[in-house]
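Chemist: The structure under discussion is supplied below as structure tokens; questions concerning it will follow.
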Amino acid sequence: MRIILDTANLDDIRYFNTYFPIEGVTTNPTILSHEGGDVLKLLSEIRAIIGEEKEMHVQVTETEYDKIVEEAKAIVKFLGNKKNTFVKIPATDVGLRATMALSKEGYGITVTAVLSAAQAMLASNAGAAYVAPYVSRLENICADGVGTVADIVEIFATSGTKTQILAASFKTAKEVLDVAVAGCHTATVSADVLRKLLSHTTTDTSIAGFAADWKKAFGDTTLLALLNK
Ligand code: G3P
């Protein structure tokens, strides 16, 4: 399952873009509000860090049909690269209308704030490139977030749609793994959850053990130093 980073924090984006195999960055108005300041400069800097080939998903703030369409086109024009800039539009009736119109013109639309498989099905029928089901927001109200993603996987497999699932809103690393097992295509995760997906105390103790055993047998040299002799 592909992983995208769900943040607008430039330090985190620089770090994860260097060390982790991330496919891009997603933002929403709340995520952008955490950074504050000049939002256009921030979006440009994110694009500059990840480059043209990685995905950027930016959400509209307008709510009227004509304005959503205008804003979506302006976002893509500003960030460039129609292929890798996706416009996030919430799953509403107006959102579906905008998704149909923009998709027909070749814009990549991520229908977001998806809280049911039914919404995902409609978004797919509207031509969305991605649907973004909110896993933790469902789990937090005693609903089945992971099960909803599994249902969407099944519905999309049956219909043969090109729409991809971009699962979002994770509070735990386990939820991310669970949607991967369910067959989800892509997940967008926070820096905190992404760190947890990699870190393991037994990995750390194993590495420490290798280093100690090597040093006991061979001293301060390294394999590279021996090979370079
Ligand atoms: O992309 C935003 C989505 O992941 C929402 O996440 O943590 O606000 O529920 P959260």
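The values are calculated or read from the model by the stated rules, or taken from the named source; none is laboratory data. Just so it is clear, the structure is predicted and the values come from calculations on it, not from any experiment. Reconstructed Cβ throughout: ideal geometry from the backbone, glycine too, with neighbour counts over all protein chains shown. The accessibility values were calculated without ligands, DNA or RNA, using every heavy atom of the protein model including side chains. Shrake-Rupley method; radii C 1.70, N 1.55, O 1.52, S 1.80 Å.
Chemist: Answer yes if at least one residue in segment 119-140 is more than 14 Å from the ligand (Cβ to nearest atom), farther than 27 Å from residue 73 by Cβ and touching a strand residue (DSSP E or B) at 6+ places or on another chain (Cβ under 9 Å), and no otherwise.
Modeler: no
Chemist: Which of the residues spanning segment 90-105 are in contact with a strand residue (DSSP E or B) (Cβ under 8 Å, 6 or more places away or on another chain) and closer than 12 Å to residue 127 by Cα? Don't jump to the end; show me each part of the working.
Modeler: First pass over segment 90-105, keeping only residues in contact with a strand residue (DSSP E or B) (Cβ under 8 Å, 6 or more places away or on another chain): 90-91, 95-96, 98-99, 102-103.
Within segment 90-105, 95, 96, 98, 99, 102, 103 meet the criteria.
Chemist: Residue 127: under 26 Å from residue 48 (Cα atoms) and open to solvent by 10 Å² or more (accessible area, probe 1.4 Å), yes or no? Let's see the steps before the verdict.
Modeler: Working: under 26 Å from residue 48 (Cα atoms): no; open to solvent by 10 Å² or more (accessible area, probe 1.4 Å): yes.
Answer is no for this residue.
Chemist: Taking the conditions exactly as written (within 13 Å of the ligand (Cβ to nearest atom), β-branched (Val, Ile, Thr) and touching a residue at least 40 places away in the same chain (Cβ under 8 Å)), does residue 30 satisfy them or not?
Modeler: no
Chemist: Here's a follow-up. Just wondering, is there one or more residues in segment 84-107 that are assigned to a strand (DSSP E or B), open to solvent by less than 30 Å² (accessible area, probe 1.4 Å) and more than 15 Å from the ligand (Cβ to nearest atom)? Write out each step before concluding.
Modeler: Pass one, segment 84-107, residues assigned to a strand (DSSP E or B): 85-90.
Keeping just the survivors that are open to solvent by less than 30 Å² (accessible area, probe 1.4 Å) gives 85-89.
Still in the running and more than 15 Å from the ligand (Cβ to nearest atom): 85.
Within segment 84-107, one or more residues are assigned to a strand (DSSP E or B), open to solvent by less than 30 Å² (accessible area, probe 1.4 Å) and more than 15 Å from the ligand (Cβ to nearest atom).
Residue-by-condition table, conditions (1) within 13 Å of residue 188 (Cα to Cα); (2) at pLDDT 95 or above; (3) open to solvent by less than 40 Å² (accessible area, probe 1.4 Å):
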{"position": "2", "(1), (2), (3)": "yes, yes, no"}
{"position": "17", "(1), (2), (3)": "no, yes, yes"}
{"position": "32", "(1), (2), (3)": "no, yes, yes"}
{"position": "45", "(1), (2), (3)": "no, yes, no"}
{"position": "49", "(1), (2), (3)": "no, yes, no"}
{"position": "59", "(1), (2), (3)": "no, yes, yes"}
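Chemist: Suppose we filter 149, 153 for residues that are surrounded by 14 or more Cβ atoms within 10 Å (Cβ to Cβ), assigned by TED's automatic domain parsing to the domain that holds residue 106, more than 16 Å from the ligand (Cβ to nearest atom) and farther than 25 Å from residue 9 by Cα; which single one remains?
Modeler: 153
Chemist: Residue 157: out of contact with any Lys or Arg (no Cβ under 7 Å at 6 or more places or on another chain) and part of a helix (DSSP H, G or I), yes or no?
Modeler: Yes: the conditions hold for residue 157.
Chemist: Ok, one more. Given the options 223, 194, 166, name the one that is of a type in the set (A, V, I, L, M, F, W, C) and open to solvent by 60 Å² or more (accessible area, probe 1.4 Å).
Modeler: 223
Chemist: With 31, 13, 22, 75 as the choices, which residue is assigned by TED's automatic domain parsing to the domain that holds residue 131, of a type in the set (Val, Ile, Thr) and part of a loop (DSSP other than H, G, I, E, B)? Full working, then the answer.
Modeler: Details: 31 fails: part of a loop (DSSP other than H, G, I, E, B); 13 fails: part of a loop (DSSP other than H, G, I, E, B); 75 fails: part of a loop (DSSP other than H, G, I, E, B).
Being assigned by TED's automatic domain parsing to the domain that holds residue 131, of a type in the set (Val, Ile, Thr) and part of a loop (DSSP other than H, G, I, E, B) holds for just one of 31, 13, 22, 75, which is 22.
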